Amino acid sequence: MLWFVCFLNYADRQAIFSIFPLLGTKLHLTSVQLGVIGGSFMWMYAVCGPMAGWLSDHFSRRSLILGALVFWSLMTAATALAHTFASLTLIRALGGLGEAFYFPAAMSMMSDYHGPATRSRAMSVHQSSVYAGSIAGGAISGFLGQYYGWRSSFLFFGAAGMVLGLLLLVFLEEPARGAADIRSMETAVREPWRPIEDIREIFSNRTAMFLVLAFIGANFVAAVFLTWMPTFLHQKFHMSLSLSGLNSTVYIQIASVLGVLTGGALADSWQRRFRGGRMLAQSLGLFCGVPFLFLTGWSRSLVLLITAMIGFGYFKGLYDANIFASLYDVVPIERRGASAGILNSLGWLGGGFAPVIIALGAAHYGMSASISTTAVVYLMTGLLMLYTARRLERESKMSANNNETGKY
């Protein structure tokens, strides 16, 4: 059930990017203005992330998920009513407000159905909906925009969300907090609501902060591809809106499905052997994605471009499979919602600047060069993830040695 909610979560946010060329023409918008429209969603998403996380730790996650689904679906449909840059920016920002409440609540709920032994695999299956939704949002929006006008896809996805909300009102259930972990559920349930203390505890957790920094870097790159790849294909390879919307997502996202399933199984296996196993799998995905990112921007051949997009998508999936599972390895059960909210908040705050930065960079250096420079961001993020994995493993060994010494 959560898979379908997340599917619409990403379909709704991806739908607008496929019609950027059409929006620019119809509403007389510059590339920077289009970048601001894309960024407005992410900035509001980032601002609301911490509050969404705290609420998911202390209130019904089922209610938060259903309320968020209905609200962002209404905002998606309302996008069709926008006629100016200001109104479009505002409505997209409100869509970010609604979607911010989904992931902290959903990831917390899923962690109560799956313990450490199966958590990465379960979350990787859920993560596949991100890619499927991105494909659907890009392809359907491009097709409907080309043949029925740019407003049509927003009405379509908005209506789909309302129907799904009615179905889940009957079938979605709330699990007991901490049910999948060997820990007293009473502690997780009765923890008082202290947002300032929650923030202080999470920010004092150095490993969690390294994971947040890595997510900022990875999300920056992902936001570039979600936002500008349809326009890149439309301009450089002269594809129609429907084809650019499809091709900008289908190769990367299908490859990411394979990568995320591989990453989930690999991480669960490595995690049983050493403490930083999930993070090591993430660093592997980041390092291997670097050359494919560089090739994506500079490819002149469509075949080479598709190969590069497939390679990047697959290794992106290795990282994505363990975003929340790695975080939940190092934060308490009762802080899962808040930590996920902060991760999402700061990650999308960084990602929110990507559309504008790339638009400015493309104006001076071209879109190809701007996209290729994201390889540097991925390389730095991979180094950070590798350091975090090794640091956690060293701490685990030191703790084990101290415990052994204490026995004697």
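The values are calculated or read from the model by the stated rules, or taken from the named source; none is laboratory data. From a predicted model like this one, the values you see are computed outputs, not experimental measurements. As a convention, Cβ positions derive from the backbone with ideal geometry for all residues, glycine included, and neighbour counts pool all protein chains shown. Calculation scope for accessible area: heavy atoms of the full protein, side chains included, ligands and nucleic acids excluded. Shrake-Rupley method; radii C 1.70, N 1.55, O 1.52, S 1.80 Å.
Worth pointing out:
- Calculated [222 nm] ellipticity per residue, helices only, for the chain: -28000 deg cm²/dmol; basis is -39500 (n - 2.57) per DSSP H run with n ≥ 4, divided by all residues, nearest 500.
- For segment 18-106: rounded, prolate or oblate by the Cα gyration tensor [a/c cutoff 1.5]: prolate
- Of the options (i) 141; (ii) 122; (iii) 133, only one is volume of the Cα convex hull per residue in Å³ as computed from these coordinates, and that is (ii).
- Using a simple spin-label model with pseudo-atoms 7 Å out from Cα toward Cβ, Arg62 and His83 lie 4.3 nm apart.
- The heavy atoms of Trp348 present about 10 square angstrom of accessible area, all protein chains included, probe 1.4 Å.
- The largest accessible area among Met239, Met398, Met107 belongs to the first residue in Met398, Met239, Met107, and the rest follow in falling order (1.4 Å probe, all chains).
- Per-pair calculated FRET efficiency, R0 = 25 Å: Thr25 and Ser301 via Cβ, rounded to 0.05: 0.30
- Accessible surface for Cys288 stands near 40 Å², nearest 10, in the context of the full protein assembly shown (1.4 Å probe).
- The longest stretch of the chain left intact once loop-based trypsin sites (Lys or Arg not before Pro) with at most 15 other Cβ atoms within 10 Å are removed from consideration, loops following DSSP, is 1-182.
- Near Gly259: Cβ cut-off under 14 Å, other residues only, Lys/Arg at +1 and Asp/Glu at -1. The net charge is +1.
- Paramagnetic label reach from Arg273 (point 7 Å along Cα→Cβ; backbone nitrogen cut-off under 18 Å): within segment 381-400, residues 386-387, 389-394, 396-397.
- Across the chain, the mean sequence separation of Cα contacts (distance under 8 Å, 6 or more residues apart), normalised by length, yields a relative contact order of 27 percent.
- Surface composition of segment 211-348: carbon plus sulfur atoms hold 71% of the accessible area, using a 1.4 angstrom probe and ignoring ligands, DNA and RNA.
- Split the accessible area of segment 1-146 by element, probe 1.4 Å, and carbon with sulfur accounts for 77%.
- The charge dipole of the chain, taken about its Cα centre with unit charges on the Cβ atoms of Lys, Arg (+1), Asp and Glu (-1) only, comes to about 600 debye.
- Between helix 61-78 and the chain there is an angle of about 10 degrees, using the helix long axis and the longest principal axis of the Cα atoms.
- With DNA, RNA and ligands ignored, accessible area of Glu393 (1.4 Å probe; Å², nearest 10): 40
- nm² value of the averaged projected area, convex hull over the Cα atoms of segment 1-53: 4.5
- Over segment 300-408, accessible surface divided per residue gives 42 Å², non-protein components excluded, 1.4 Å probe.
- Degrees, to the nearest 10: 206-236 long Cα axis against longest axis of the chain: 20
- Solvent-accessible area per residue in segment 20-174 equals 36 Å², computed with a 1.4 angstrom probe and all protein chains kept.
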